[in-house]
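Structure record follows, encoded as structure tokens.
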Amino acid sequence: MRMSQGVERALHTCLNLSWLDTPVPTGALAAFYELPPAYLNKLLQALVRAGILASTSGPRGGFQLARAPEAVSLLDIVAAIEGPEELFQCDQILRKGPGEHAGVDYRQSCAFAQAMRGAELAWRRELAGRTVADVRADVERGHPEAPARTRARIAELR
């Protein structure tokens, strides 16, 4: 399984925004990780559509978390960027095999489809059970300077 780079960028951006009290312009957020602003803006707009971020226009505008970090799961962010579709798509190739039975929905009876669905469900449960606040606490334990350094760097980039 492979997710797009947008997921990593969205996760880190949400974490950084959790340490900031005011909207941050796309340019400053993009410069933080040396990303193209238009690319990051596309990701940020997806997060706005999902209700994860809020966007404010104007000279003091930008993006900020729309919900408390405790209310934003990692699955929320992944789904906003990657979409809600299942990762494994059963094309029912068993319909073409020698044991084929007319009218059978092999998405339900295929052992591989069931195994993949179970693995994805476990993965989704894990991501749904972890929030931006959880990750923020982990980062702050390991790197207590991270919030202040993030705020200072964003202030430089504005």
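Each value in this text was obtained by applying a stated rule to the coordinates, not by laboratory testing. Source: prediction; values computed, not measured. Because the Cβ atoms are built from the backbone with ideal geometry, glycine has one as well, and the counts that use them run over all protein chains shown.
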Q | Residue-count net charge about N41 - beta-carbon cut-off 14 Å; Lys, Arg +1, Asp, Glu -1 | A | +3
Q | Reported label for calculated Cα extents along the principal axes in Å given [x] 48, 39, 22; [y] 66, 33, 24; [z] 44, 31, 24 | A | [y]
Q: Quick one: among S73, S57, S18, which has the greatest mean-square fluctuation in a GNM of the chain with alpha-carbon springs under 10 angstrom?
A: S57
Q) Karplus couplings for the range 53-59 from phi (6.51 cos²θ - 1.76 cosθ + 1.60, θ = phi - 60°), rounded to Hz, Gly and Pro as x? A) 10, 10, 10, 10, 8, x, x
Q. What Kirkwood hydrodynamic radius, in Å, does the range 111-158 give when the mean of 1/r is taken over all pairs of distinct Cα atoms and then inverted?
A. 13.5 Å
Q: Tabulate in residue order the Karplus-calculated ³J(HN,Hα) for the range 69-77, using 6.51 cos²θ - 1.76 cosθ + 1.60 with θ = phi - 60°, rounded to whole Hz; enter x for Gly and Pro.
A: x, 5, 9, 10, 7, 5, 5, 4, 5
**Q.** Per-residue HN-Hα couplings for the range 137-153 [Karplus 6.51, -1.76, 1.60; θ = phi - 60°; Hz; x = Gly/Pro]
**A.** 4, 4, 5, 5, 5, x, 9, x, 7, 4, x, 5, 5, 5, 4, 5, 5
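Please give me the summed charge of the neighbours of A133: other residues whose Cβ is under 14 Å from its Cβ, Lys and Arg +1, Asp and Glu -1.
Within the 14 Å Cβ shell, the charges total -1.
Out of the GluC sites (Glu not before Pro) in the range 117-158, which ones are loop residues according to DSSP with at most 10 other C-beta atoms within 10 Å? Kindly include the intermediate steps, with their values, before the conclusion.
Values: sites: E120, E126, E140, E145, E156; in loops: E145.
Passing both the DSSP loop test and the Cβ count: E145.
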Q) Do any chymotrypsin sites (Phe, Trp or Tyr not before Pro) in the range 2-66 lie in a loop, going by DSSP, with at most 13 other beta-carbon atoms within 10 Å of their beta carbon, and if so which? A) Y33
Q. GNM, the chain, Cα, under 10 Å: largest mean-square fluctuation among P36, P23, P69?
A. P36
